[in-house]
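The values are calculated or read from the model by the stated rules, or taken from the named source; none is laboratory data. All of these numbers come straight from a predicted model, not from anything done at the bench. Quick reminder, even Gly has a Cβ in these numbers, built from the backbone with ideal geometry, and neighbours come from all protein chains shown.
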Amino acid sequence: MRLSEIGDKEVADISKGSLHGKLWDAEILFDEKTGVIQTLLVPDFQSADRHMRGELQLPWNSIIIIGEDIILFKSTYQ
């Protein structure tokens, strides 16, 4: 699957039931030597302070499924 095919998919956390925009809204961190994706930085729209929205670090291995319209991941909130 190409990045252009998944960029328009919504990113959703099944642990909190929260949406985090489309993959285009995220930043992708990868290993420069191997090219392997390590982490997605997705917007945290659920932040308590709406003026200081942060981002969540989403390890690539926390992705449960990449579906037709959505990417589901399971966060590890305390």
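Going residue by residue through region 11-25, is there one that turns out to be at pLDDT below 85 and among the β-branched types (Val, Ile, Thr)?
no
Restricting the first residue to region 53-66 and requiring it to be under 13 Å from GLU27 (Cα atoms), which pairs with a second residue that is polar (S, T, N, Q) and surrounded by 14 or more Cβ atoms within 10 Å (Cβ to Cβ) meet a Cβ separation below 7 Å and a spacing of at least six or different chains?
The qualifying pairs are LEU56/SER75; GLN57/THR39; LEU58/THR39; PRO59/THR39; TRP60/THR39.
Output the number of residues of region 9-28 satisfying the condition of being in contact with a Leu (Cβ under 7 Å, 6 or more places away or on another chain) and either exposed (fewer than 15 other Cβ atoms within 10 Å of the Cβ) or among the hydrophobic types (A, V, I, L, M, F, W, C) (or both).
Within region 9-28, residues that are in contact with a Leu (Cβ under 7 Å, 6 or more places away or on another chain) and either exposed (fewer than 15 other Cβ atoms within 10 Å of the Cβ) or among the hydrophobic types (A, V, I, L, M, F, W, C) (or both) number 6.
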